[in-house]
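Each value in this text was obtained by applying a stated rule to the coordinates, not by laboratory testing. What you see is a predicted model; the values in this text were computed from it and never measured. All Cβ positions, glycine included, derive from the backbone under ideal geometry; neighbour counts span all protein chains shown.
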Amino acid sequence: MCGSEGPRWGWGHRAPGPTLLLSVLVSAAPLGLQGEETRQVSLEVIPNRLGPPQNLLHIRAVGTSSTLHYVWGSTGPPAALLVATSTPHSTLAVNWSLLLSPEPDGGLTVLPTDSVRFSSALVFTRLFEFDSTNTSEVSAKPPGKPYAPYSLAEFSWNNISDSLDPATLSATFRGHPIHDPTGAFANGSLAFRVQAFPSSGRPAQAPRLLHSADTCQLEVALLGARPRGNRSVFGLEVVTLGQGPDCPSVQEQRSIDDEYAPAVFQLDQLLWGSLPSGFVQWRPVAFSQRQRGRDSALPCHASTLHPTLEYPLPQSPIVRAFFGSQTNFCALNLTFGASTGPGYWDEHYLSWSMLLGVGTPPVDSLSPLILGIMAVALGAPGLMLLAGGIFLLLGQKQCSEYQPIN
């Protein structure tokens, strides 16, 4: 409230500014979570020498004093591990015998183990579909009558080696249901495109999330699959590790600037603990056309993070291989679109993007266009006052030049 005062920070008579507070926060962060401006990034599909190829992608991002390990796999449901270490020399060790066994605990290890400063995981478990034909409310939850969900643990995925692109530091997992009695995916697929970055920047296509060397981007795309309803709305279940008895927090950030994502003034992020820590970041928007213009933007609604103790989850071997028999999971349901406006039915296409990283999440600064508008808006009254003052001074000077008549 305006009339009450909170506790005052200060050394002497001056409180520390935001820059000083940020520098204190960063310096107190463990090595590996402080963030680095550039990293040497490499992609490797780890071969299985004991049997048929397995989709296990290792992205290693090495900085001057830390390393980030992203491990993406489609054995079981698609999943990602994020591990940050405090040394530029840490490595990933894979025991395929354990990883592919019914008890995969210990099948994945980052060495040296005492260099790990942060670790967590994401698992993409189910693809939802709703019939929104008779749903009039845009924010209805659920957004229509649910069809039986697709279990992503029961998908067949392409050989990731065929899509590995060292030039763009990207690779794509593309899959379809193993059992598809209706032929919905006969000409369609669900794709997970993963991309890493050696430095900061923005993609050319919307939603143009600001990335850094401490992040990895995931783009989820559903294309060509035949919906089971005339106005189907799709959704995605995302599962992560809890923090003790609690779930990670989800925060919303709002801005007056929408230059990089037209008509989207919000940025959502999932945080594993207090900053700096691990995070997931996304804009609440998806797209129903490949061009990703404003006319194809779909609202993205996120549920609250909730524990998953009420129902069983498909097991991710790579998550269990690293974390052991972890039972504290939390789920977040994302839905893309509404019963009105553009939708998947336009071109049988849907895409959504997110960032996965460690440290302090990237923050959009005001764009040059918005800064220019603010400068004009704030400067115009000052110019008017200045002009008025000059006019009054000149008027007084002209009056003083007349001689009195006796």
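So the values come out like this:
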| quantity | calculated |
| --- | --- |
| Positive minus negative residues near Gly324 (Lys, Arg vs Asp, Glu; Cβ under 15 Å) | -1 |
| Fraction in percent of alpha-carbon pairs per bin - 5 Å, segment 159-317 | 2, 7, 12, 17, 19, 19, 14, 7, 2, 0 |
| Cα-based convex hull, segment 69-182, per residue volume (Å³, whole number) | 189 |
| ³J(HN,Hα), Karplus 6.51/-1.76/1.60, whole Hz, each residue of segment 119-130, x for Gly, Pro | 7, 7, 8, 10, 10, 9, 9, 9, 9, 8, 9, 10 |
| Cleavage-rule hits (trypsin sites (Lys or Arg not before Pro)) in segment 218-256: DSSP loop, at most 15 neighbouring Cβ within 10 angstrom | Arg228 |
| Computed E for Phe265/Gln205 - FRET, C-beta separation, R0 22 angstrom, nearest 0.05 | 0.70 |
